[in-house]
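Scroll down for the structure; my scribbles are underneath it.
Laboratory data are not the source of any read-out in this text; all were calculated from the coordinates shown. Because the structure is a prediction, the values reported are computed rather than measured. We place every Cβ from the backbone using ideal geometry, glycine too, and count neighbours over all the protein chains shown.
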Amino acid sequence: MNNKPGQSRQATKFLESGAEVDSFYHLSHSSLEHCYCRGTSCFAAKHTSPERWEMALNQRPPVYCLGKCYASPSSTDTTEEPNIQILSSTGIVLAGVAEGTIRDFVSYRQADGYSALRRSLQMSSNEVVTQLEQSQLRGRGGAGFPAGRKFRSVLDQPGPVKYIVANADEGDHGSYIDRFIIERTPHRLLEAMAIAGHAVGAGSGYIYLRKEYPAAEASLRVAMQEAVQSGVLGEFTVELVIGKGSYVCGEETSLLNSIEHRRPEIRVRPPFPTEHGLFNCPTLVSNVETLVNLPWIITNGGEAYAHLGFSRSRGTKAISLNSLFNRPGLYEIEFGTSLREIVEEIGGGLKKDSIKALMMGGPIVGLAHPSEFDTRLGFEEMRDIGAAVGHGGIVAFDHNTNMLDLLAHLFEFGASESCGKCTPCRHGSRRAQILFRTAQTGTSLSTEGKAELSEILSTMRRTSLCGHGSGLAILAESIQKKFGEDVQSCFG
Ligand SMILES: Cc1cc2nc3c(=O)[nH]c(=O)nc-3n(C[C@H](O)[C@H](O)[C@H](O)COP(=O)(O)O)c2cc1C
Ligand code: SF4
């Protein structure tokens, strides 16, 4: 990797090797051959193939979420491909993904690819950012932060060196959206990054891709080579960094530390990456799905984008459904679709049994109860029922899942993924996991044990440094509130 102008001397030193921090990761030295997935979608489907789940539990190191949640319990040998469909009035992020026909440079160009980049280069940076602001696009990585505001904030930063970072870590269990966008439309991501670079004044970008997605890596490497050979990105350069199996590296500041070969702990904010990001330079960190909206917005205008969707959630959203559904797969829908429509019409209900709960947004958000299924998909609407849009990965649980087992599973994951920077999460997640495990053996927690658990969760929710610790607590409290009958042995 070349050193970039503007890098500090210290950053240069860290860039030389990452070996010092390899022990942080699960998959530093592991190949992914014949690995069984231990993610939550596979947990939800474990009764459909107990022997596969057993293999996953016994595997060392564990592998969490291979992005094959449509075929859970899955392994790296699972070759099935999901159903992919556009159900929104306009296909934006999944356009071409279902067909898989615009993967290579020539086909992408023939389908009008890279014309939005050319158009954006005829606009000023301010004009591009204004279009984004008008689109009301919000980040698809989980937090729903207004994209235009983030772009404006990086554009407003002084300095000759800025970076674009595409977050392709997609760690949320149940989510395989970014995976297929990258595998089947890699040039759209490259085009979007170059547009973003022009918008904020960044000359180079990084893509941080999870190791668990080897086909996406292969597709991207070919596309990057084609882009360089054709010169289509102009002066804009892109580097690919492959993760080593850490959920918390999806958090933007941990991700930046990982790219810099530092120990990937969360950074204290402020300052935010928009001011002091990669190599201490202003940096735009955006999720893959957020970014691939850019070519459409530049081509059709921000206002046209804002006409799609509903409430304060404009545009379309990709969702992915897990294997328990009759029609698992990847769908582009418009915001405003109700959870009931997603479950019953899009997913076709569950294959066996009725639905007990929905998880959207991985292990760090609350669950949705069937009584809440009339809620329409939107950032505020989901927040109001104690759930989240998250990344769009949807894991349905049937009545084979006991919520105490789910808590033990998620806190085992959460504790092993904690970056360790703050005490509430580092100690709290592990201690809570032990308490859930104790209750799992059939022993109700003592009055003191229940009080301790409540205090741990409350402290994690209020004082954790990042959404990992607070989100685990929110999830547990949501289960206590909505599925109390399963967890009486732990709470109140
Ligand atoms: C524990 C944790 C894990 C995260 N993992 C991801 C991830 O895998 N992919 C992602 O895009 N954002 C992830 N995020 C959110 C990022 O920190 C960040 O908000 C996002 O990349 C910003 O992009 P956006 O504005 O386009 O949503 C995670 C956040 C937390 C707290
Ligand atoms: S909440 Fe957990 S993951 Fe986040 S900074 Fe604290 S220890 Fe690290």
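Numerical summary
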quantity	calculated
Value of Rg/Rh across the stretch 9-71 [Cα atoms, Kirkwood radius]	1.18
Potential extension, residue 242-residue 145 segment - 0.36 nm per residue separation minus Cα distance	32.4 nm
Electrostatic dipole magnitude of the chain [Cβ: Lys, Arg +1; Asp, Glu -1; Cα centre; debye, to 20]	860 debye
Note, ³J(HN,Hα) from phi for the stretch 363-373, Karplus 6.51, -1.76, 1.60, rounded to Hz, x at Gly and Pro	x, 10, 9, x, 8, 9, 8, x, 5, 9, 6
Cut-off under 5 Å, modelled amide H: who pairs with residue 287 long-range	140, 141, 167
Cα-Cα over 23 Å, subset of 211/356; 46/351; 356/450; 46/356; 68/352	211/356; 356/450
Over the chain: helical MRE at 222 nm, DSSP H runs n ≥ 4 each giving -39500 (n - 2.57), nearest 500	-11500 deg cm²/dmol
Computed over the stretch 75-158, Kirkwood Rh from alpha-carbon pairs, angstrom	15.9 Å
Calculated FRET value between residue 444 and residue 49, using beta carbons and R₀ = 30 Å, to 0.05	0.45
Stokes-Einstein D in µm²/s, Kirkwood radius over Cα pairs - the stretch 154-296 at 20 °C with 1.002 mPa s viscosity	142 µm²/s
Stretch gain in nm, segment residue 80-residue 311, where the contour uses 0.36 nm per residue and the Cα spacing is subtracted	79.5 nm
Rg [Å, one decimal], Dmax [Å, integer] - the stretch 291-369, C-alpha atoms	14.8, 45
Burial ordering of 374, 486, fewest other beta-carbon atoms within 10 Å first	374, 486
Cα-based convex hull, the stretch 243-329, per residue volume (Å³, whole number)	173 Å³
Share of alpha-carbon pairs per 10 Å distance bin for the stretch 62-207, given as whole %	10, 33, 36, 16, 4
Residue 488-residue 89 pseudo-label distance in nm [points 7 Å out on the Cα-to-Cβ vector]	5.0 nm
Scaled radius of gyration (Cα, divided by 2.2 N^0.38 Å) that the stretch 350-492 gives	1.01
Cα-based Kirkwood hydrodynamic radius, the chain, one decimal, Å	22.7 Å
Residue 463-residue 60 FRET efficiency (beta carbon distance; Förster radius 35 Å; 0.05 resolution)	0.60
Added length on full extension, which subtracts the Cα-Cα distance from 0.36 nm per residue, residue 215 to residue 112	34.6 nm
Rounded, prolate or oblate (a/c below 1.5 giving rounded, otherwise prolate when a/b exceeds b/c) for the stretch 353-398 by Cα gyration tensor	oblate
